[in-house]
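Right, one structure below, let's go through it.
Computed from the coordinates by the stated procedures, all read-outs in this text should not be read as laboratory data. In this text the structure is predicted, and so the values were computed from the model without any measurement. Cβ atoms come from the backbone with ideal geometry, glycine included; neighbour counts cover every protein chain shown.
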Amino acid sequence: MSPECCAPSTTPPAPSSRGAPSGPSRAGTRTARATRRPRAPTRATSPSCCGRTRPTRRCTRCSTRPATAPTGSPSRWRRSADWPRTDPDPRTAPEEAVPVTARPQNPDPSRPGSPESSTTEAPSKPKRGGSHGVRAARPLAADDRARLLAGAHHDPHALLGAHLVRGGVAFRVLRPYAQAVTVLAKGLRAELHDEGDGLFCGVLPLPEVPEYSLLVTYDDSEIEAEDPYRFLPALGDLDLHLIGEGRHEELWTALGARPMTHQGVPGTRFTVWAPNALGVRVTGDFCYWDGTAYPMRSLGSTGVWELFLPGVGDGALYKFDITRPDGSHTLRADPMARRTEVPPATASIVTESHHVWQDDLWMAARGDRPVHESPFSVYEVHLPSWRPRLTYRQLAEQLPAYVRDLGFTHVEFLPVAEHPFGGSWGYQVTGFYAPTARMGTPDDFRFLVDALHRAGIGVIVDWVPAHFPKDDWALAHFDGRTLYEHEDPARSEHPDWGTLEFDYGRKEVRNFLVANATYWCEEFHIDGLRVDAVASMLYLDYSREEGEWAPNEHGGRENLDAVAFLQEMNATVYRRCPGAITIAEESTAWDGVTRATHHVGPGGFGGLGFGLKWNMGWMHDSLGYAAHEPVHRKYHHHEMTFSMVYAYSENYVLPISHDEVVHGKRSLVSKMPGDWWQQRATHRAYLGFMWAHPGKQLLFMGQEFAQGAEWSETHGPDWWLLDPSYSAEPDHRGVRDLVRDLNTVYRDAPPLWQRDTDPGGFAWVAGDAAEDNVFAFLRHDASGAPLLAVSHFSPVVRHDYRLGVPDTVPAWAEVLNTDAARYGGGDIRNEDPLKPDSTPGNGQPVSIQLTLPPLATVWLRPV
């Protein structure tokens, strides 16, 4: 017998070969761990020990601690060197510390650690007891326990964490797969009782709840962490009030994942709106995708669930594990996620911006002049295919320089919000608050916008509030019932696209979308939103047959909820984001799309409040005219003039967009009849007519250099056409040079943009020359200074063609001719100034004679 201990030495038996997973296990091992009975550890004693101690623990009888764990001892009983002493040293223990000298006395002789237990047997150990001085807490009610473990409890903070009770403070912790949980505080180390199912609890004789942390022991590791359930709600009452009323204009600051310091501790606040859920849990890579330990609490009647997770920060992957009303679970991406994984992965990512904006001058001057009275020519871009495989930052090195060289004032991006299917071009959105991760992070996208602004180029993005896809990890039936979509299946199903339509009548859904519009403008400095598929929102019978829709409360087919939403969205954007512009893609004759919301029109509705509207009628008619053979065009002359009948009923954009160069419609140059020379000439003449016509211009990528093939999102524009080694390269480069000069002259010619919305800024000179295929008109600026535009769509030269002009101009000079040799034309020009003579013409007192090149547009200004 050792002189240091009362018991003889023993030799430990060989350990079991059965292994145990290490650390907090992943979800796949959860069932096996929950159903097996814990093994009894092989009791090892030191030669200087009485045999009463558990492995590596101080002997409860003689206070001797083994120097090391015995060879082969099960890893789940290993302890780190700083594991708390199980008995206090009276020379070092602070006076205020709760005594934790030993494990509690166990009257059951079959339990290890009991004074009556055998020194030669190692009985099974279904549960671990707490430290001496830790009383067992009152067990949870069966219903509370069941709902907590099932992820269906509305207030887990009432069960977990630290709470004052009679006789002290009760601690309860939920840590699945943990072997032990110890409460750490100033002068305190107390191991909690194991209640089973990952619950650990105990009552300490403390006068108040201390600042504490948790030491969680797994099979072969220990983790010290803050307890998420010791924190007050990290979402304020004002936020909840505004969310409940559907008026939170900065909703992205209240919902989603927000890194912050809360009660002096860094972490992330998770919040989600799921009013139909029985419970919600946070899960992610920080918990091996098992959210059992992180149930959220519901906050009042708002349907918002909240949890602050200490230690979780930028870059963490997460989702919400939602318990549906029927008790089943669904794993969902965050509707408010501001960053996502790269598709096809679907997790949300905690993020915070570190970008330092350098576009102060642009933002300060953006609202100085209304867009309706400013140059506005747009280059439409599908970012993933403009230069395939480039990142946002790589695009920032190339796109601004290219667009600035061509002279466009703005770029418009096809939707950049996250979408799972690239073939949708971004029009089936699942992550409304996250730029697509295909090309980088949100800060990378900010970097691209910043670079464009510093190059003097505005940024418009396509925005899709009309519908969303049915993916079961996104918005569809988000919390087990209809939530973002309309509860009436006849109104929720979009008949054309197999998607779901938003419930614009629900205030929280409307808030989600209105805040999203301002989010892009404020967080990413976006200068405009082009709203997709507005017509499908406005009409209850859109693409629906009789019997498939129900009229509104007035018996009409107008979607009154959508009207109210669009009015609110536009009013909010213009109020919060000075200088921003909203643009409607609306393909019907809805009255007042760009009229102010408070101005009631003939139909009894206020305007929708958009700044601009795509002129789909002009696009359809003018392309139809250009596609006819020249000999037949005189029979379709009205297709080019009809647009001026309604040109000032709205504020228009003239769009040659992505929709017109796909799905068998052919590229712009390929729509034109004739041989290659005639196709290019008509293409150039059409662009000259378009840039001179009242309205703003939009041209899709690839059409600026007469790409012959349709656009495909898989490979983008055919840049090889501009390779000097290609024999037809001068033809394509000539068209691009024309687009550059169109923009240059346009920006320097106020008559072409200053009075786009004023009927007094336009006058026909020759609108009825159908036999000649000629269109001539005057544009005037605010001072009355004119520009004369003449388009000729016949393949013949017309010499000495007479046109009446105002007698206030002494002479006219060409400022642009699409037939110039540098553009690939025949170089038939009017090189000398054209002086009017006294011959009346076209209702004017004087006229000029000029030469009209074949298939060309000529612009003339006073000299």
- Project the alpha carbons of segment 237-349 onto their principal axes and report the range along each, largest first, in whole Å. 38, 35, 27
- Note on the structure: If amide H atoms are modeled at 1.01 Å from N in the peptide plane, then the residues at a separation of 5 or more from Met296, or on another chain, having amide H under 5 Å from its own are Val280, Arg281, Val282
- Beta carbons within 10 angstrom, averaged per residue: use that to sort the peptides 258-264, 421-427, highest first. 421-427, 258-264
- Item | Exposure proxy ranking, count of Cβ atoms within 10 Å, fewest first, for Met439, Met640 | Met439, Met640
- Checked segment 360-614 with the C-alpha gyration tensor, a ≥ b ≥ c its square-rooted eigenvalues, rounded below a/c of 1.5, otherwise prolate if a/b is larger than b/c and oblate if not; verdict oblate
- Item | Order of Arg269, Arg393 under a 10 Å beta carbon neighbour criterion, fewest first | Arg393, Arg269
- Ser213, Ser657 arranged by Cβ crowding within 10 Å, fewest neighbours leading: Ser213, Ser657
- Work out Dmax and Rg for segment 616-862 from the C-alpha atoms and quote the Rg first, both in angstrom. 17.4, 59
- Starting from segment 177-243, pick out the trypsin sites (Lys or Arg not before Pro) whose DSSP state is loop and whose Cβ has at most 11 other Cβ atoms within 10 Å. Lys186
- Item | Sites His715 and Val209 - FRET efficiency at Förster radius 41 Å, r taken between beta-carbons, to 0.05 | 0.05
- Structure shown: which of Lys696/Lys835; Lys470/Lys507; Lys507/Lys696; Lys319/Lys507; Lys470/Lys665; Lys634/Lys671 lie over 27 Å apart, alpha-carbon to alpha-carbon? Lys696/Lys835; Lys507/Lys696; Lys470/Lys665
- Query: Using 1/(1 + (r/R0)^6) with R0 = 60 angstrom and r between the beta carbons of Arg481 and Trp357, what's the FRET efficiency to the nearest 0.05?
  - Reply: 0.90
- Note on the structure: Ordering 826-833, 808-815 by per-residue average of other C-beta atoms within 10 angstrom, highest first, gives 808-815, 826-833
- Query: In terms of the Cα gyration tensor, with a ≥ b ≥ c the square roots of its eigenvalues, is segment 142-230 rounded because a/c is under 1.5, prolate because a/b exceeds b/c, or oblate?
  - Reply: oblate
